[in-house]
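Worksheet: one structure, shown below.
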Ligand code: UDP
C-alpha cells in the first residue's frame with residue numbers, strides 16, 4: 001500500500017502529494033457524475049482512457065507553446081503534474097450551441113456559432129458553478145485582468161489547435177471546459193493550463209453522424225459511454241495495442257460476475 005498523502009478527492013480524480021515539493025499526482029477514477037453530482041455512476045475504464053487522452057493533448061499543446069501543469073504520465077491511471085493554485089474559474093469554449101447555452105438562450109443544439117464563444121463559470125459546487133461575467137471576476141478578485149487576458153488568449157489557441165486535431169479524425173469539437181492555475185516564481189506568478197482535457201469535459205460529435213462521443217452519453221442515459229471514450233482514444237491513435245486488451249475489460253467484467 002502506498003503511504004503517500006491524499007490532498008483532495010474530486011468527482012473524477014484523486015490528488016496525492018507528489019515525490020518532490022511542488023508536484024502532485026493525479027489519479028484518474030472511473031467515477032462519473034453529472035448535474036452537479038446529482039447523478040452518479042461509473043464508466044468502465046474511463047480513468048485509464050482519460051489519463052492517456054489528457055497526456056496526449058497536453059503534450060501536443062506543449063509543442064505549440066501552451067504551458068501546462070503536465071510533467072509525465074506515471075502509469076495507467078496516474079500522471080505527475082506541477083502543483084498550481086487553481087484559478088476558481090471554469091472556462092467554457094464553444095464552437096457549436098449545446099447543453100446549458102442552448103437551454104439558457106433557446107438556441108437549438110447543433111447550431112454553428114458565428115464565432116468561438118468564451119464563457120466563465122465561478123467554481124463553487126454549492127452554488128452550482130454559476131455563469132459569471134469578466135466584471136465579476138475582476139470585482140471579486142478571482143483573477144486579475146492581466147491573468148484573464150492570458151487565459152482567454154490561451155483558450156482560443158487551444159480551441160484552434162484542438163478543433164483541427166479532432167476534425168482530422170472525423171470529430172466535431174462542439175464545446176469544452178478548461179481550468180488554469182498559477183505557478184509562483186519568486187515575486188511573480190504566471191498562468192498555466194491545469195486539470196485535464198478528456199471526453200469528460202468536452203462535447204465531441206462524429207462529423208458525419210453527429211453521434212455523441214463524450215459524457216453526454218452518461219448525462220442523457222444514451223448508453224455506450226465506455227465504447228464512446230474508447231472510440232475517441234482509438235481515433236487519436238492511442239492504445240495501438242488495442243483498448244480492450246489494455247483495459248482488460250473482459251476480465252474486470254468476469255470478476256464482477258457480469
Ligand atoms: N463542463 C465540464 N464541467 C462542468 C461544466 C461543463 O466539464 O462543470 C463541460 C461540458 O462537458 C461541456 C462544456 O463544458 O463540454 C459546456 O457545458 P455546459 O455549460 O453546456 O453544461 P452542461 O450542459 O454540461 O451542464
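Before moving on, here are some points about what is shown:
- Debye log10 I(q)/I(0) at q = 0.21, 0.23 Å⁻¹ for segment 18-118, Cα point scatterers: -1.21, -1.21
- Top of 211, 78, 38 by mean-square fluctuation, Gaussian network on the chain, Cα under 10 Å: 38
- Sorted ascending by nearby beta carbons within 10 Å, beginning with the fewest, 140, 58 become 140, 58.
- Rg/Rg_ref, the chain, where Rg_ref = 2.2 N^0.38 Å and atoms are Cα: 1.00
- Here segment 161-228 and segment 29-63 have alpha carbon centers that stand 9 Å from each other.
- Neighbour counting of Cβ atoms within 10 Å sorts the residues 59, 209, fewest neighbours leading, into 209, 59.
- Ordered by the count of other Cβ atoms within 10 Å of each Cβ, fewest first, 244, 198 give 244, 198.
- Average Cα contact separation per residue, the chain, under 8 Å, 6 or more apart, as relative contact order %: 17
FYI, it's all coordinate maths here, none of it is from the lab. Computed from a predicted model, the values in this text were never measured in an experiment. All Cβ positions, glycine included, derive from the backbone under ideal geometry; neighbour counts span all protein chains shown.
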